[in-house]
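First comes the structure, then the notes that go with it.
What follows is calculated from the coordinates using simple rules that are stated; it is not laboratory data. The structure presented is a predicted model; accordingly, all values stated were derived computationally and were not measured. Every residue, glycine as well, gets a Cβ built from its backbone with ideal geometry; the counts of neighbours run over all protein chains shown.
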Amino acid sequence: MPAPPTFLSWVDANTDAFISRLSHAAAIPSMSGDPAFRPRVQEMNDWLNAELKKVGVETKCPTGSTSSTKSTWRPSRSTWAVMDGQTLPLPNAILGRIGNAKDSDKS
């Protein structure tokens, strides 16, 4: 089934914004399988969380804070893993929700 023409027009009109967002994401070296980059993985997590909020997604990060930075991020002791013999903090998970089913039932 092809995409609706209005959607394709919207994508075409927003191409520069999509490329800019992708460039920002690609600039954060966040290889989760490399212990040396673990702080950058959290930086990517924080960036993605902020981007989701910009487009109206309600987010929660249950394994840590919802807005951390490299200098303030302090994971709890239950969010650590061992990788290549090193004990490393796991990055926060991001849970997101768009809309509210309770509100849609009131119509």
*Considering the stretch 16-43 alone, what residues qualify as being surrounded by 15 or more Cβ atoms within 10 Å (Cβ to Cβ), of a type outside the set (S, T, N, Q) and in contact with a helix residue (DSSP H, G or I) (Cβ under 7 Å, 6 or more places away or on another chain)?*
28
*For the stretch 43-62, enumerate the residues that are part of a helix (DSSP H, G or I) and either over 9 Å from the mean Cα position of the chain (by Cα) or among the charged types (D, E, K, R) (or both).*
43, 46, 51, 53, 54
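Give the residues of the stretch 6-65 that are of a type in the set (Ser, Thr, Tyr) and closer than 20 Å to residue 82 by Cα, sorted by residue number.
Of everything in the stretch 6-65, those that are of a type in the set (Ser, Thr, Tyr) and closer than 20 Å to residue 82 by Cα turn out to be 30, 32, 63.
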*Count, please, the residues in the stretch 4-15 that happen to be among the hydrophobic types (A, V, I, L, M, F, W, C) and surrounded by fewer than 10 Cβ atoms within 10 Å (Cβ to Cβ).*
1
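Condition first: touching a strand residue (DSSP E or B) at 6+ places or on another chain (Cβ under 7 Å) and either closer than 13 Å to residue 59 by Cα or surrounded by 10 or more Cβ atoms within 10 Å (Cβ to Cβ) (or both). Now tell me which residues in the stretch 81-100 satisfy that.
First, pick out the residues of the stretch 81-100 that are touching a strand residue (DSSP E or B) at 6+ places or on another chain (Cβ under 7 Å): 81, 87-90, 94-97.
Passing the criteria: 81, 88, 89, 90, 94, 95, 96, 97.
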